[in-house]
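Remarks on the structure that follows.
Derivation of every value follows stated rules applied to the coordinates shown; laboratory data play no part. As the structure is a computational prediction, the values presented were derived from the model and not from experiment. Positions of Cβ are generated from backbone atoms using ideal geometry, with glycine treated the same way; all protein chains shown enter the neighbour counts.
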Amino acid sequence: METNQIIQLKRTQNLLKFVFVVVPIVAGADKFTNLLTNWSQYLSPALADLLPFSSSTFMMVIGVIEIVAGLIVLRKPYLGGNIVAAWLALIALTLLLSGTYLDVAVRDLVMAIGAFSMAQLSKSVKDK
């Protein structure tokens, strides 16, 4: 592959990596502050009823998971990108099954594709 093409692939991968480091960390941190939104509203009432603790506590646990996922993307983009892609796909599936927030479900599926693409690019440009 031409050097210019490799440089463009690396730039694209780096941009996507930046996004999938920052967004999970910011979203995860916001689970503690609810500045962007009230995250508990996205939790299915059926699931909330099964929890041995409050919805807000559950969302804080989710926040920690998201922060860790963002940090994994930073250190190991291929692994982290696949983790974030799976996480976003599961969130979207949960929302689709509940029949609520379908717009968020679609957005999360698109973001999952972006995270998966970043992971694939990370694997490809690492070898160049």
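Loop-located chymotrypsin sites (Phe, Trp or Tyr not before Pro) in segment 1-64 (DSSP state other than H, G, I, E, B) with a sparse environment of at most 14 neighbouring Cβ atoms within 10 Å: 53. Extension gain, residue 15 to residue 98, is 26.6 nm, computed as 0.36 nm per intervening residue step minus the present C-alpha separation.
Under a no-solvent Debye model with one identical scatterer per Cα of segment 16-59, what's log10 I(q)/I(0) at q = 0.18, 0.20, 0.26 Å⁻¹? Each listed q corresponds, in turn, to -0.59, -0.68, -0.88. Size check on the chain: the Cα extents along the three principal axes, sorted descending, read 56, 25, 22 Å. Using the Cβ-Cβ distance between residue 51 and residue 120 with R0 = 41 Å, the FRET efficiency computed as 1/(1 + (r/R0)^6) comes to roughly 0.70.
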